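The values are calculated or read from the model by the stated rules, or taken from the named source; none is laboratory data. Treat the numbers as computed from the prediction; the structure is a model and nothing was measured. Glycine also receives a Cβ, built like all others from the backbone with ideal geometry; neighbour counts cover every protein chain displayed. Each accessible area value is taken on the protein alone, full model and side chains, heavy atoms only, with ligands, DNA and RNA left out. Shrake-Rupley method; radii C 1.70, N 1.55, O 1.52, S 1.80 Å.
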Amino acid sequence: MATLKEKLTEIIPGLRNDVKSLIKEHGNKQISEVSVAQAYGGMRGVKGLVSDTSLVDPEKGLIIRDIPVSELTEKLPEEIFYLLSTAELPDADTLKSLQNDLAERSEVPSYVFDVLRAMPKDSHPMAMLDTGILVLERESVFRKRYDEGMKRDEYWVPALEDSLQLLAKLPAVAAGVYRIRFDKGDLIDSDPNLDWGGNYARMLGIEDPSGEFANLIKLYLVLHCDHESGNVSAHTCHVVGSALSDLYYAVSAGLNGLAGPLHGLANQECLKFVLAVNEKYGGVPTTEQLKEFTWDTLNSGKVIPGYGHAVLRKTDPRFIAFNDFGKRVCPDDDVFKTVDIMYEVVPPILIEHGKAKNPYPNVDAGSGALLYHFGLTEFQYYTVFFGVSRALGMCAHNIYNRSLGIPITRPKSVGTKWLKKTVGAA
Ligand code: CMX
């Protein structure tokens, strides 16, 4: 058995040597070019970032440390955090020690909930989550050690400490957001005998006699954990962390990006879409009705939430994992059935519409229907689950970046006049 810290202590010197000699021997070689369209177009396809925790294959989807996410759906989120951070899955003893460590660090200072309670009643749950994380910043060990004068090759140690502290507390903060924002009564204590995701499910207070709600939350936390480093939330977290702003600042900033409707908020938008369909047609729509609704949405200039992706070009395996879960647990649920029919109806329409490069569903298309089935109907909250999960990847990236001494991010900007001159435009 090796604790996460022991394992990282063992592998970081090799990683540093590897990257150092790669840069020394091949540092001047080109790996990408940038076109004018890419400079204006969100840098899509430009290879200018490194992600060793996970990669997204356009055809196969998320690959975590060389393992396709479809092969990891039975794992616990904390096992995935160990995998993201070290490239290995923990053995049973290592997992237990990580779980104990998280449980010991899980108590949330009461000032966090005082701040959340003081927020306006109509605050968005993501604004509350990100505020809760930011308020916790006073606990940062990284910042304290930096103030005292820490050597650069030690940065990863307090980055790991901050990661464990934040991840340990995040389920209780997120569950607190749910209970405070939606008037669910007192906060619910964590149970030290439960795993990380099981505890989060418990603290939400949703009735769960079958245990399937907890299974859904664990699956949710595994599937959303990371998606290489160029997506808005991971990239924002990376950029903020590169200024040596500590992990709390970086994760809170990254999750502010997740709160956008083109990114993590799409899961909320998706359920809104499905419920609007059900309301308009008095339940599960026919194929013809859904076609009509989809075209009306597109013709009014809106996107179909949960469909399309900047990198993926096939159905997201994370959508398939949720769909399989729904087929097993709630095949007759109207909301789930509507999501399932959308999977048949929407892609051919998006192909005919001719704009989206990927007409297939992404992770956000089906997750909300399952939460809704279990009675978690406040869909404004759904992106918070995404955020808690994505923090796993953000923490792993942060530890990695601080262990390699990755410098501050600062790409060069050019002006339209310069571009015109450079490409010979009139
Ligand atoms: N519905 C309608 N139009 C769509 C579309 C969709 N689902 N997906 C893409 N398009 C349109 C784009 O708006 C764009 O239109 P314009 O040329 O008029 O600007 C065109 O198709 C080309 O876009 P693209 O290159 O295929 O997609 P992008 O890489 O620019 O954007 C994404 C990717 C996800 C923002 C986009 O597909 C989208 O808006 N999808 C709906 C929102 C969504 O589900 N987001 C969640 C993604 C996963 C996540 O991050 O959580």
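A few notes on this one:
- Inspection of segment 409-421 identifies at least one residue that is modelled with pLDDT of 95 or more and in contact with a His (Cβ under 8 Å, 6 or more places away or on another chain).
- Of the criteria (1) within 22 Å of His397 (Cβ to Cβ); (2) touching a Gly at 6+ places or on another chain (Cβ under 6 Å); (3) assigned to a helix (DSSP H, G or I), which one Val112 fails: (1)
- Top-ranked residue of segment 282-291 - restricted to ones that are closer than 17 Å to Val345 by Cα and not polar (S, T, N, Q), ranked as farthest from the ligand (Cβ to nearest atom): Gly283
- Counted residues, segment 128-166 - those being in contact with a Pro (Cβ under 8 Å, 6 or more places away or on another chain) and among the acidic types (Asp, Glu): 1
- Options Ala214, Ala159, Ala172: the member that is touching a residue at least 40 places away in the same chain (Cβ under 8 Å), more than 16 Å from the ligand (Cβ to nearest atom) and surrounded by fewer than 23 Cβ atoms within 10 Å (Cβ to Cβ): Ala172
- Failed item in (1) more than 30 Å from Tyr155 (Cβ to Cβ); (2) open to solvent by less than 10 Å² (accessible area, probe 1.4 Å); (3) away from the ligand (no atom under 16 Å from the Cβ); (4) outside any loop (DSSP other than H, G, I, E, B), with Val251 passing the rest: (1)
- In segment 345-385, the residues that are near the ligand (Cβ under 10 Å from one of its atoms) and open to solvent by 40 Å² or more (accessible area, probe 1.4 Å): His353, Gly354, Lys355, Ala356, Lys357, Tyr360
- Looking at Ser106, Ser32, Ser97, Ser21, just one residue is surrounded by fewer than 18 Cβ atoms within 10 Å (Cβ to Cβ), hydroxyl-bearing (Ser, Thr, Tyr) and not in a helix (DSSP H, G or I), and that residue is Ser32.
- In segment 292-309, of all residues being in a loop (DSSP other than H, G, I, E, B) and surrounded by fewer than 19 Cβ atoms within 10 Å (Cβ to Cβ), the one that is nearest to the ligand (Cβ to nearest atom) corresponds to Val303.
The rows are residues; the columns are (1) open to solvent by 50 Å² or more (accessible area, probe 1.4 Å); (2) more than 15 Å from Gly366 (Cα to Cα); (3) touching a Phe, Trp or Tyr at 6+ places or on another chain (Cβ under 6 Å); (4) within 8 Å of the ligand (Cβ to nearest atom).
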{"residue": "Gly260", "(1), (2), (3), (4)": "no, yes, no, no"}
{"residue": "Val277", "(1), (2), (3), (4)": "no, no, yes, no"}
{"residue": "Lys280", "(1), (2), (3), (4)": "yes, yes, no, no"}
{"residue": "Phe319", "(1), (2), (3), (4)": "no, no, no, no"}
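- Looking at Val335, Val284, just one residue is modelled with pLDDT of 95 or more, outside any helix (DSSP H, G or I), among the β-branched types (Val, Ile, Thr) and more than 20 Å from Ala356 (Cα to Cα), and that residue is Val284.
- Flag if Glu137 is surrounded by fewer than 21 Cβ atoms within 10 Å (Cβ to Cβ), in contact with a helix residue (DSSP H, G or I) (Cβ under 9 Å, 6 or more places away or on another chain) and part of a helix (DSSP H, G or I): yes
- Filtering Val329, Val388 for residues that are touching a residue at least 40 places away in the same chain (Cβ under 8 Å), within 25 Å of Leu72 (Cα to Cα), away from the ligand (no atom under 15 Å from the Cβ) and of a type in the set (Val, Ile, Thr) leaves a single hit, Val329.
- The listed residues are Glu269, Glu228, and the only one of them that is near the ligand (Cβ under 9 Å from one of its atoms), charged (D, E, K, R) and crowded, with 16+ Cβ neighbours inside 10 Å turns out to be Glu269.
- Residue match in segment 51-65 (condition: at positive phi, of a type in the set (Lys, Arg) and at pLDDT 95 or above): yes
- Within segment 369-406, tally of residues that are more than 18 Å from Met128 (Cα to Cα), part of a helix (DSSP H, G or I) and of a type outside the set (A, V, I, L, M): 10
- The condition of being in the same structural domain as Leu166 (by TED's automatic domain parsing), acidic (Asp, Glu) and touching a Ser or Thr at 6+ places or on another chain (Cβ under 7 Å) holds for only one of Asp130, Asp114, that being Asp130.
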